[in-house]
Amino acid sequence: MLWIKAKTMQHLKSRIEELENEAAFLRQRVTELEASERKYVQAKKSLKTQRQRLFSLLNRLPAYVYLQAPDHTIRFANRYFRKHFGAPNGLKCYELLRKRQTPCPECRTFEVFETKEPQRWEWNCPLDGLSYEVLDYPYVDLDGSVLVLELGLDVSKRKQIENDLRSLQTDLEKRVTERTEQLRDIVSKLLDEIAERKKTEEALRKSEERYALAVLGANDGIWDRDLDTGEVYFSPRWKGMLNYEDHELPNHLNEWKSRIHSDDFGRVTNTLQWYLGGHIPVYEVEYRLRAKDGSYRWIHTRGACLRDPCGNPYRIAGSHTDITYRKRIEVALRESERKYRKIFEDSRDVIFVFDADARLLDINPSAQELLGYSTQELFTLDIARDLYVDARARENFHRLLFTDGFVKDLQIEMKRADGEILVVHVSASVTKNEDGTITGYVGTIHDMTEHKKLEQQLLHVQKMESIGLLAGGIAHDFNNLLTAISGYSETIKENIDRENQLLRSSVDQVLLAAERARELTHNLLTVSRKQIINPKPQLINTIITEIHSFISRIIGEDIELSTKSCKRKLPVIADRGQIEQVLINLATNARDAMPEGGRFSISAGHKMVNGKSKELLGIDSPGEYAVITVSDTGIGIKEKTRQKIFEPFFTTKEIGKGTGLGLSISYGIIKQHNGAITVESTPGAGAVFTIYLPLIQMEVAEEPAREHIPATTGTETILVAEDDEIVNHFLCGILQRAGYTVISAANGEDALSRFREHESMISLVISDVVMPKKNGREIYDEIRSLRPNIKFIFISGYTADIILKKGIVEEGVDFVTKPFSKNEILLKVRTVLDHGKD
């Protein structure tokens, strides 16, 4: 037992020893792990700092850098990336860079996730138009995830340089190849020639003399002539200048003489004889030789001769140089100089040349016309004092010119010799010598005085266009409402007991208010030139004659009215009612300008409008125009008032006595007729309005007297297509009460469907121009394809420009403008249904 206890104690002691050793090892391991953890935390912090420094560095790079996750999300983008492509904001790379909704099929960047290998490629970016050299690297983030770091360097300039170098290299190789071929041809020909010349010693001697003299004469086409034997030699190059091969042109003196231009022949041969005779030291002449294609080449020839001991020439040789190109340049230079001088002399703008000290060196004749000084006087003037309204303007001109090197369209006020103020645009640029030193400046002066007047006219047109936008915006809905108000009011009035005067009077007031609203809309559209007109051939004389009695009632008995026709008929294309309205508006204004009576006259004439006057009048095309002159002896118009007289809502009348639309309406009507209206007036001396309307070359018959045709009823079936519920209900009601069978449709597709159902019954279609689903034009085309002879009436409250775009009025289809009265639409329906009947 004791032995067992001792054994057990020994075992326990051994076990305790082992446990103490293990505990010591574990404590040491814990210490090592704690140290490792501290190093890890420190390394992680250092890594984070380095990462921040890295991203700060990436933001400063002149290249785009971004981190892409495996799900294509952009985790980081540097400043260059955000500037060129925008902030990522959680977008996928293909959404931001490729404007796609799905990943790119062959994404070079995404391949790095699979290969874990860097790659280099080029990308032509469609967003900023630059070329980038792209470098993709696998990148392990702090959380251990794998990202791709992409860096794009802008290599656009390098690519351009490479392309330019390749282009230059290609061009150089081409030129070297061509020149090599030429040299091979030359060498081949020379070798053939040398081989031929080696046949005899005499031929070799003569060859050596020829080339020796050729070197003395020139290094181009070579010619050689033996004066004793008459033997002549022309080198291949000599013949090549005339586009001949060596074997095509014989070596004969007459061959050369026959090709000399007839105007040059005497001069060339005389020069040769003078040289051979010893009268001139050098044989050198320029003349023309006929080439193979019949054209003439300019040749500069220079030669020298060999003389015997007695001074007699026995051999002459020399060279030919083709100077055709040089001659063309000389001619071009002379022509350029001539054109420059012509431009300088004929320019309508003033062209001037000054030296570096701002002294006038040259100026063209237009300056005399513009400034009123002679050319000699201009050279003696103090420019700043005599030509500039404000001398400081010239200082400013010089400061801008010598700072920037040029001035473009600088607006300056100048004064003529007679004191008239001109508004001009001055443009100039400095001139420099080869060293870059400023030697002076040249420039132009463009008269903008008339242009400024035209700008005022343009401002007036823009004001009219603003009124047009206002009128067009309200016309459609307003006309629909007026149609319903007027129509239902007429219906109520027809069904009121005649003894109920109060109710009838109230309805009359409603109708009167609707009519005034209709006139206001019509006037606004007329001012804006968006009102539909019905132009027809008219005679101005007839309009003036027939409106005489009506105007006499407007102006009253205390104003003397006179009308005067022209001997010519003066045919024009016009809406007679609107021209009459213009004359009535002018007569009304004249009456108000002559409260104590006076004279009012209307006369007709004609005038030829040329290019210059058409701009002042605001007319689009020059030509012959009918002229209506309207004058009065009233109080006249002040100048400030006259400049605004055609503006909408401008009036000098008291509140409640004028809307300010009368003259603006007249202006709009005349402009819509492609004409012009002007006014001349002096306070206290009356006013003269002049109307211009383009004449036409055709015979116009007199119009018959206008008759009133009452509306009638009918029994036909009518399809009404109108999307406005109130107008639809009103129109269907008056047609049904007139005896017609009515089929109603609320939109375009509904109208076509109802027509197909009742095609055989329907005699007439009434359709709004602008409707949902299908517009009036589409309904018209499809119904006409089913029944070409169907009767059709269009109605609309839209402005003329909208209706014309729909292609309605041009085709001559019957048209009724909203708002319309009951009798007006019933009369139109009956007229259209009865048209074409026997």
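The values are calculated or read from the model by the stated rules, or taken from the named source; none is laboratory data. Please read these numbers as outputs of a predicted model, since none were measured by experiment. Counting neighbours? That spans all protein chains shown, and the Cβs are built from the backbone with ideal geometry, glycine included. Quick note on the areas: whole protein, heavy atoms, side chains included, nothing else; ligands and nucleic acids left out. Shrake-Rupley method; radii C 1.70, N 1.55, O 1.52, S 1.80 Å.
How much net charge surrounds Leu91 when only the other residues with a Cβ under 13 Å from the Cβ of Leu91 are counted, with Lys and Arg +1 and Asp and Glu -1?
+4
Could you give P(r) for segment 236-357, binned at 10 Å from zero, as whole percent values over all Cα-Cα pairs?
Answer for segment 236-357: a P(r) of 11, 31, 25, 14, 11, 7, 2, 0 percent.
What's the carbon and sulfur percent of segment 99-138's accessible surface, probe 1.4 angstrom, rounded to a whole number? All intermediate terms of the calculation are to be shown ahead of the outcome.
Details: 1260 of 2600 Å².
That share works out to 49 percent.
Whole number please: convex hull volume per residue of the Cα set in segment 53-208, in Å³?
Dividing the Cα hull volume of segment 53-208 by its residue count gives 196 Å³.
Tabulate in residue order the Karplus-calculated ³J(HN,Hα) for segment 378-387, using 6.51 cos²θ - 1.76 cosθ + 1.60 with θ = phi - 60°, rounded to whole Hz; enter x for Gly and Pro.
For segment 378-387, the Karplus curve yields 4, 6, 9, 6, 8, 4, 4, 7, 8, 10 Hz.
I'd like the distance between the alpha-carbon centres of segment 332-351 and segment 29-43, rounded to an integer number of Å.
91
With a 1.4 Å probe and all protein chains left in place, how much of the accessible area of segment 211-362 comes from carbon and sulfur atoms, in whole percent?
On the way: 4470 of 8590 Å².
It is 52 percent, rounded to a whole number.
What distance in nm separates the simple spin-label points at Asp246 and Leu153, each placed 7 Å from Cα in the Cβ direction?
My value for the distance between the label points is 5.6 nm.
Given a cut-off of 18 Å, name the pairs among Lys342/Lys452; Lys239/Lys292; Lys45/Lys92; Lys452/Lys607; Lys567/Lys607; Lys99/Lys157 whose C-alpha atoms lie farther apart than that in the structure shown. Don't jump to the answer; show the numbers that get you there.
Numbers: Lys342/Lys452 29 Å; Lys239/Lys292 10 Å; Lys45/Lys92 30 Å; Lys452/Lys607 26 Å; Lys567/Lys607 13 Å; Lys99/Lys157 26 Å.
Violating the 18 Å Cα-Cα cut-off are Lys342/Lys452; Lys45/Lys92; Lys452/Lys607; Lys99/Lys157.
Hey, got the Cα dimensions of segment 52-123 along the principal axes, in Å, largest first?
Result, largest extent first: 32, 27, 22 Å.
What does the charge count near Pro118 come to, summing +1 for each Lys or Arg and -1 for each Asp or Glu among other residues with Cβ under 14 Å from its Cβ?
-3
If R0 is 30 Å, what FRET efficiency do you get for Ile496 and Thr717 from their C-beta distance, rounded to 0.05?
After rounding, the FRET efficiency stands at 0.45.
Evaluate the relative contact order of segment 277-380 (contact order divided by residue number), counting alpha-carbon pairs under 8 angstrom at least 6 apart; express in whole percent.
This gives 14 percent for segment 277-380.
Would you kindly derive the ³J(HN,Hα) couplings of segment 74-83 from the backbone phi angles with the Karplus curve 6.51 cos²θ - 1.76 cosθ + 1.60 (θ = phi - 60°), listing them in order in whole Hz, with x for Gly and Pro?
8, 7, 8, 9, 7, 4, 4, 4, 5, 5
Can you figure out the FRET efficiency of Gln28 with Glu122, using R₀ = 41 Å and their beta-carbon distance, to the nearest 0.05?
Calculated transfer efficiency: 0.10.
Arranged from highest to lowest average of other beta-carbon atoms within 10 Å per residue, in what order do the peptides 12-24, 392-404, 316-328 appear? List each step's numbers first, then the result.
Numbers: 12-24: 10.0, 392-404: 14.5, 316-328: 18.0.
Ranking the peptides 12-24, 392-404, 316-328 by packing returns 316-328, 392-404, 12-24.
Can you list residues whose amide H is under 5 Å from Tyr139's amide H, if they're 5+ apart or on another chain and H is modeled 1.01 Å from N?
Leu147, Val148, Leu149
Where does each of 95-107, 416-428 land if you order them by average Cβ count within 10 Å, highest first? Before the final figure, lay out each step's value.
Working: 95-107: 13.3, 416-428: 14.8.
Top of the packing list down: 416-428, 95-107.
Could you sort Val742, Val134 by accessible area so the largest value comes first, with the probe set to 1.4 Å?
Sorted by accessible area, descending: Val742, Val134.
Quick one: which residues, 5 or more positions from Val609 or on another chain, have an amide H under 5 Å from its amide H? H modelled 1.01 Å from N in the peptide plane, none for Pro or chain starts.
Correct list: Gly623, Glu624, Tyr625.
Which one, Leu333, Gly405, Ala391, is farthest towards the positive end of the dipole of segment 289-425 when Lys and Arg carry +1 and Asp and Glu -1 on their Cβ?
Projecting each Cα onto the dipole axis, the largest value belongs to Leu333.
Let me check I've understood the local charge: for Arg27, count other residues with C-beta under 12 angstrom from its C-beta, Lys and Arg +1, Asp and Glu -1. What total comes out?
Charge balance in the 12 Å sphere: -3.
State in Å² the accessible area per residue of segment 35-161; use a 1.4 Å probe, count heavy atoms of protein chains only, and round to the nearest integer.
Value returned for segment 35-161: 62 Å² of accessible area per residue.
³J(HN,Hα) across segment 602-609 via Karplus (A = 6.51, B = -1.76, C = 1.60, θ = phi - 60°), whole Hz, x for Gly/Pro?
Values per residue, Gly and Pro as x: 10, 9, 10, x, 8, 8, 8, 9 Hz.
Taking amide H positions as placed 1.01 Å from N in the peptide plane, with prolines and chain starts having none, which residues 5 or more places from Leu422, or on another chain, fall under 5 Å of its amide H?
Met414, Lys415, Arg416
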